[in-house]
Each structure stands twice: as structure tokens, then as C-alpha cells.
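**Student:** Here it is, the structure in full.
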Amino acid sequence: MEKKDSGLNRRNFLKSGLVATGALALAGAGAFMLDRNTAQARVRPDFLRPPGAINEKDFIYGCIKCGLCVQICPVQAIKLAKAGEGVAFGTPYINPRIQACDFSCDALQCVETCPTAVLNFKPFKEAGLAAVEKATQEAGADFAKVNPFEVQKVAMKQIVRMGKARVNTETCLAHHGLGFKGVSRGTDFRGIYRAPESADASASPLAEKQFDREVCNLCITECPIGPKAIVQEPSRSNGNLVPKVLDGCTGCGVCVMVCPTRETSIIVEPS
Ligand code: SF4
Ligand code: SF4
Ligand code: SF4
């Protein structure tokens, strides 16, 4: 009887060992698949993460899908991904062709509100404070004239790196020496933005804006960052005046939203 019991115990032990090994293998495979799936989930490279997003893999695991960034964005640029939409389910993204981040909140509110810091406010806070300190020192006796809010907001915006814009030279009107006249995305388009020359603090519909350009330069004139991000210069191949994206590009995607060609001729490649 004793012999039988010990045989049974050995068999049970072996069986439970096999079960444990199987469970571990399954867990490993699950983790592998999760990693693979999260990487594969990013099938829309034209969708951007909101400003300040940490690296994609950590972002997917760390974001609790609370939607606070979605709620606070005044131009409703941020959406939470539905199943099969092209980025990991429930995580926030921006499709700049539909609605770009135009920085009209002035304070990176989505980043500041994120409770998990997967949108990391720390570098923005540091850049803002450093800029205010520098401006105050440079102003010397006139330090009272420095508007800390203005200085801080410019400094914070300029270090955003959601990606970098790239022009499609095949379809860009300027590369073919062509201009543009009219409403860039049609009168039904719902996107809004605060045009750089606008005195209005809030964003207004792109559909209400008429352009008339001998050579298309909408991506340049409407960029909220300006000549640090994108300039016009003669093309090396034919001398046409064309857009050139610089390292100061924040990847905000306003250029993508305003570009008048049927398929956008400028895209933002996510960082
Ligand atoms: S606020 Fe932060 S945690 Fe919440 S959905 Fe947005 S990125 Fe994710
Ligand atoms: S707005 Fe579009 S078509 Fe016009 S110059 Fe820029 S990329 Fe080219
Ligand atoms: S070029 Fe200007 S408008 Fe386009 S993504 Fe860069 S910063 Fe934004």
C-alpha cells in the first residue's frame, strides 16, 4: 500500500510539474504574443500619440485608457482607439488629417492632466521654467515686462516631438510650381485650428478660410511653430519654391490637416 501511494505521489508530482511547465510556457507565449500584437497593433503609422508620449511599448502598457487627455483637448484632436482602428485598443491617438493638435490650448493640457505620466509633463515644465528664468535674466531691470505665461508656452510647444513632417514631392503642388485658390479641404470639412495670424485666442473652422496662393505654401504659412519648423526654399531639381521641413518641427500635423491635395502631400512620421 505504501509502495502504491508513493507511486501515485510520484505520478502526481510529475503531472503537476508538467502542468506548471505548460502554464509557464503558455504565459511566456502569451507575453510574446502580447508584445507581437502590441507592435502589430500600430498599423496606422500616420496616427500620432499625443504630445509628451513615452516610447510606444511602455505607453501601451502604462496608459490606463482613462480618456482625460481626450476630454481636456479644446480642439478634440485626441481620440481613444476602437477595435481594429490601427493602434492598440483604447489608447489615445491623433489623426492629423482629420483634426491636428494646433496647440491652441497653450499649455499642453493633455500632458499635464495625464494621471500616469505616459504623457510626461516633466520635460515641458523644466523647459518652461528655464525659459522664464533666461528671459527674466536677459531683461535685467525690465524684468517686470516679461510675461512668464507667454515665455513658458512658447518654450513648451517648441520641444514637442510627436513626429516630423515629410513632403511627398510627387504630389505636392509647390513641387510642380502650382498654386492653390479656395477652401483647402472643402466646405464640409470639420477640422478647426488657430491660424498663426489670427488675433482670436480660440480655434476656428478651416472650412471658413479662403486661400489664394500663386505657389502653394499652406503648410508653411499655417504652421503654428513657424520658420523653426518649416520654410520655403528653391527646389534643387527645378528651382520651384517648395516647403522644407526643419528639425524644429513638432509633428503637430497642422500642415497635414490644411494641405489641399486630395491625398495629403505632407505626412508626419511619428517619433
Ligand atoms: S490621460 Fe494618460 S492615461 Fe489617460 S488616456 Fe490619456 S494618455 Fe492614457
Ligand atoms: S500644403 Fe501640401 S501641396 Fe501645398 S506646399 Fe504644402 S505639402 Fe505642398
Ligand atoms: S511642419 Fe509645422 S505644422 Fe507641420 S507638423 Fe511640423 S510643426 Fe506642425
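The values are calculated or read from the model by the stated rules, or taken from the named source; none is laboratory data. Owing to the predicted nature of the structure, the values given are computational and were not obtained by experimental measurement. Cβ atoms come from the backbone with ideal geometry, glycine included; neighbour counts cover every protein chain shown. The area values use the complete protein model at the heavy-atom level, side chains included, leaving out ligands, DNA and RNA. Shrake-Rupley method; radii C 1.70, N 1.55, O 1.52, S 1.80 Å.
**Student:** Tell me, what is the FRET efficiency for Glu263 and Cys66 to the nearest 0.05, using R0 = 41 angstrom and their Cβ-Cβ distance as r?
**Tutor:** Computed FRET efficiency for Glu263 and Cys66: 0.75.
**Student:** For the stretch 113-203, which whole percent of the accessible surface, found with a 1.4 angstrom probe, sits on carbon and sulfur atoms?
**Tutor:** Within the stretch 113-203, the accessible surface is 55 percent carbon and sulfur.
**Student:** One quarter of the convex hull surface, Cα atoms only: what value does that give for the stretch 154-271 in nm²?
**Tutor:** Hull-based average projected area comes out at 7.3 nm².
**Student:** Still on this model: Straight-line reach from Lys181: which lysines fall under 17 Å, measuring Cα to Cα and dropping same-chain residues less than 8 apart?
**Tutor:** Cross-link targets: Lys209.
**Student:** A 24 angstrom limit on the alpha carbon distance is what I want to check against. Which of Lys125/Lys145; Lys164/Lys228; Lys65/Lys122; Lys82/Lys228 exceed it?
**Tutor:** From Lys125/Lys145; Lys164/Lys228; Lys65/Lys122; Lys82/Lys228, over 24 Å: Lys82/Lys228.
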